[in-house]
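The values are calculated or read from the model by the stated rules, or taken from the named source; none is laboratory data. This one's a predicted model, so the numbers in the text were calculated from it and none came from an experiment. Note that we place each Cβ from the backbone using ideal geometry, even for glycine, and neighbour counts take in every protein chain shown.
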Amino acid sequence: MRTDTASEKLHLVYATDRGYRFLAMVSAKSAICKASQPERLVVHLLDCGLTDEDWATFSDTLRKGAEAVEVRRHQVSTEQFGGFTAWKGSFAAYARLYVAELLPEERWCLYADCDTLFLDDPLKLLAECDPAVALKGYWIWYDKPCKPWVRDPVESWLAEHCPGMDFSQYLNSGFLLMNLDWWREHRLMERCLDFFRRFPKVPWPDEMALNAVCHGHVAGLPEGWGAFPDYAFSLPRARSIHYVCSVLNAPKFKRFWGYDDATAAWVNFVRAVLGVPVRQACGVPGWKWPWVARTTISSARRSPRCVACPACGGGGGWTMSRRSSRGARTAGRSRRAFGGRADQGSRTMSAPRARRLASTAS
């Protein structure tokens, strides 16, 4: 682990088109709020089709309350990706392959998918830069055995097309510390583009290309960075959550449990910091949150302080209610991730009472 990072800047990179611009703005803002020295953070946006108005909103939002943060725009044409497989309707993910060319003077950068929420200081990752590896990230099998519907297509495809590649050395591409010197020296961009030409129907295009080309030169980040939402709050300390978008587009609801802590953390942050309603925060209207209901929603309106931003001291905001002691413990971890007190709390309630409160709140 490096120790000479006191004055070094962290270059945080996002790639987005118009469809993901709001998520990118939320993610970058959470990194700024959690950074111990925001002036050492440089946010790079790989623009894959934003308007000038979109860019102005993005940059102004990030600089609000943190004028020292540097925000840069790099326009990338997606026409060159026309023959590749779109990922959830977007070609923006391919833009990350050009990072080493777009940042020619930088040695390292942190790439984050737009649906990433920072719960810890991103500057800590500067100590993880290792010149011997090309990528450091989140092992896809990290916290528990990988789900079969995720693992099986990848393993079978790799066994057929990339024999000898070890799935235990497979990184998720949504949260990566990138060694840009290694990328330039080994012509990683050209090799990934060749990979796409050879395998145009690869299941997870850019992720599998990066893992295949960098195989043997990857390592894992410390536990908690880039954690998937299903497991984030079962960890001793979640440092950033990678939502893989589906959780935000269609948050999971479980009877008697409500929405999971990871989704509540995202909505909590977005409402407190950006001041937007629940529907814009996660795509779900407030009346579908029966476990939050009027009690915690009203609490958020009365106490709008940002629980993640050191500038306001934390301690405000809202959280979700739980029925069980296990839920109370995980909800406490959710609040502590944003600097709130563990005893700051949501009250549990019976199902009939939750339904009554939900109907009155709507």
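Before moving on, here are some points about what is shown:
- Considered as a group, the residues in region 46-67 that are over 19 Å from L274 (Cα atoms) and not β-branched (V, I, T) include one that is surrounded by the fewest Cβ atoms within 10 Å (Cβ to Cβ), and that residue is D52.
- Flag if S59 is in a helix (DSSP H, G or I), out of contact with any helix residue (DSSP H, G or I) (no Cβ under 7 Å at 6 or more places or on another chain) and under 21 Å from F118 (Cα atoms): yes
- Considering residues of region 9-28 that are closer than 19 Å to G49 by Cβ and outside any helix (DSSP H, G or I) only, the residue farthest from the chain's Cα centre (by Cα): D17
- Among the residues of region 164-175, some residue qualifies, meaning at least one is among the hydrophobic types (A, V, I, L, M, F, W, C), surrounded by fewer than 20 Cβ atoms within 10 Å (Cβ to Cβ) and modelled with pLDDT under 90.
- Residue in region 121-144 that is part of a loop (DSSP other than H, G, I, E, B), among the basic types (K, R), modelled with pLDDT under 90 and within 21 Å of the chain's Cα centre (by Cα) present: yes
- Residues of region 29-47 satisfying the condition of being in contact (Cβ under 8 Å) with a residue 40 or more places away in the chain, part of a helix (DSSP H, G or I) and within 25 Å of A100 (Cβ to Cβ): A31, R40
- Helices (runs of 4 or more DSSP H) within region 160-250 that include 3 or more residues over 23 Å from the mean Cα position of the chain (by Cα) and not polar (S, T, N, Q): 180-185, 188-198
- In region 74-115, the residue that is farthest from N172 (Cα to Cα) out of those that are in a helix (DSSP H, G or I) and of a type in the set (F, W, Y) is F81.
- Selected residue (criterion: farthest from E67 (Cα to Cα)) from residues of region 23-37 that are surrounded by 21 or more Cβ atoms within 10 Å (Cβ to Cβ) and not small (G, A, S): L23
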